[in-house]
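Undergrad: Sharing a structure, written as structure tokens. Questions coming.
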Amino acid sequence: MRIFLTIITDSVRLLRARALFWISLGISALVALLYLSIGFDEQGMTLLFGAFNLDIPFLTKGSEGAELVYLGIFRNFIVAWWLTWIAIVIALVSCAPIFPEFMSEGSAGVALSKPVSRVKLFAYKYIGALLFIAVQAVLFAVIVFFAIRWRVGSWNPTVFWSVPVVVLVFSYLFAVLVLLGIKTRSVMASILITLLVWFACFIAQIGESMTYSASKRGVGLTGEELSAEDQEKWQAAHRWARLPYVLLPKPGETTALLDRWIVLGDGENLGASTFDAVKEGGRIEGLDDTVEDDLERHSAAWIIGSSLAFEGLVLALACWMFSRRDF
């Protein structure tokens with residue numbers, strides 16, 4: 001335990017010494033402040049602590065719409081754009097040098113001179129790096145938790161699901177970054193290839209979803225109804241598209257789990273509430289069970305389990321290479 005705390009403390013010091021850590025934390029605080037500035041009154045929504053007013057009857061103070069929109073902003077903008085995209089890119093850039101620098105001449109020797117195995121040392125360094133994104137995720141969750149109470153009038157602890165979700169998404173990519181960093185000892189190469197893997201995960205998810213829609217629902221890419229012959233062709237395409245989708249981690253679908261796990265005051269999850277609101281508003285024609293099917297088509301256990309299986313294999317290979325390398 002003492003060695004673990006020592007290595008974790010060293011990781012924290014390393015992160016604090018990097019300018020990107022403080023820049024990212026500062027931007028996170030600014031984004032959180034902007035979110036906190038959104039409020040609701042008797043006329044509708046207010047922005048920047050009341051500097052601007054939007055007369056929207058659906059979003060008056062105390063209404064169900066206000067809670068739905070407030071949590072929707074958190075899920076669809078803060079989590080989807082900042083925490084699981086921009087902040088993760090910054091975290092990857094900041095954490096990329098951890099293993100290459102540690103494996104440089106003289107750095108690893110000091111740690112390995114202590115009574116600790118290389119496997120434990122690898123695990124401690126890996127866990128320590130996860131603190132970068134965990135700190136920001138916890139900061140946001142706490143601010144959002146109290147902001148919802150202030151702006152909507154209810155305590156909603158389900159927003160804390162965003163913390164493990166964000167850390168999970170980062171860990172999928174960081175595992176690849178660690179493997180590449182140990183293999184190449186090049187910070188720039190490991191970052192670029194990791195971003196390519198991330199892009200491949202996105203393409204695999206889009207490809208599987210599109211071919212599934214065509215093969216199972218008989219709907220083409222442009223919305224046209226497919227013939228039985230064309231549908232069979234799409235079924236074959238879906239089998240091929242599903243292979244990389246199954247093998248690769250699923251950062252996008254992991255983030256989408258928040259639509260199931262964040263619950264509103266009426267007990268309905270955020271995804272279902274958003275679907276009902278859009279359908280009742282009549283803003284999109286042809287909404288049916290296919291939207292709900294997309295929300296529940298893959299279980300949370302399968303999404304996270306298959307992603308962690310990929311991460312576990314990558315980390316096992318990285319740990320094996322780390323243990324065999326000469327420092």
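The values are calculated or read from the model by the stated rules, or taken from the named source; none is laboratory data. Predicted model, so just to flag it, every value in this text is computed and none were measured. Cβ placement follows ideal geometry from the backbone for every residue including glycine, while neighbour counts extend to all protein chains displayed.
Undergrad: Regarding the range 180-189, can at least one residue be identified that is more than 28 Å from residue 314 (Cα to Cα), out of contact with any Cys (no Cβ under 9 Å at 6 or more places or on another chain) and at pLDDT below 90? Steps first, please.
TA: At the first step, the residues of the range 180-189 found to be more than 28 Å from residue 314 (Cα to Cα) are none.
Within the range 180-189, not a single residue is more than 28 Å from residue 314 (Cα to Cα), out of contact with any Cys (no Cβ under 9 Å at 6 or more places or on another chain) and at pLDDT below 90.
Undergrad: Looking for whichever is buried (at least 19 other Cβ atoms within 10 Å of the Cβ), closer than 25 Å to residue 60 by Cβ and within 15 Å of the chain's Cα centre (by Cα) here; the options are 144, 159, 152. Which one fits? Let's see the steps before the verdict.
TA: Details: 144 fails: within 15 Å of the chain's Cα centre (by Cα); 152 fails: within 15 Å of the chain's Cα centre (by Cα).
None of the others qualify; the one that does is 159.
Undergrad: Looking at 50, 65, 72, which is the one that is outside any helix (DSSP H, G or I) and of a type outside the set (Ser, Thr, Tyr)?
TA: On the way: 65 fails: outside any helix (DSSP H, G or I); 72 fails: outside any helix (DSSP H, G or I).
Testing whether each residue is outside any helix (DSSP H, G or I) and of a type outside the set (Ser, Thr, Tyr) leaves just 50.
Undergrad: Among 28, 11, which is out of contact with any Asp or Glu (no Cβ under 9 Å at 6 or more places or on another chain), surrounded by 13 or more Cβ atoms within 10 Å (Cβ to Cβ) and either modelled with pLDDT of 75 or more or basic (Lys, Arg) (or both)? Write out each step before concluding.
TA: Working: 11 fails: either modelled with pLDDT of 75 or more or basic (Lys, Arg) (or both).
The unique qualifying residue is 28.
Undergrad: Considering only the range 50-72, state which residues are β-branched (Val, Ile, Thr) and either surrounded by 16 or more Cβ atoms within 10 Å (Cβ to Cβ) or under 16 Å from residue 252 (Cα atoms) (or both).
TA: 60, 69
Undergrad: Tell me, please, whether a residue that is part of a helix (DSSP H, G or I) and either within 19 Å of residue 262 (Cβ to Cβ) or at pLDDT 85 or above (or both) can be found in the range 97-118. Walk me through how you get there before you give the answer.
TA: Looking only at the range 97-118, we keep the residues that are part of a helix (DSSP H, G or I), and these are 98-102, 107-112, 118.
Checking the rest, the ones that are also either within 19 Å of residue 262 (Cβ to Cβ) or at pLDDT 85 or above (or both) come to none.
Scanning the range 97-118 turns up no residue that is part of a helix (DSSP H, G or I) and either within 19 Å of residue 262 (Cβ to Cβ) or at pLDDT 85 or above (or both).
Undergrad: Same structure, new question: Any chance the range 290-301 includes a residue that's of a type in the set (Lys, Arg) and at pLDDT below 60?
TA: Scanning the range 290-301 turns up no residue that is of a type in the set (Lys, Arg) and at pLDDT below 60.
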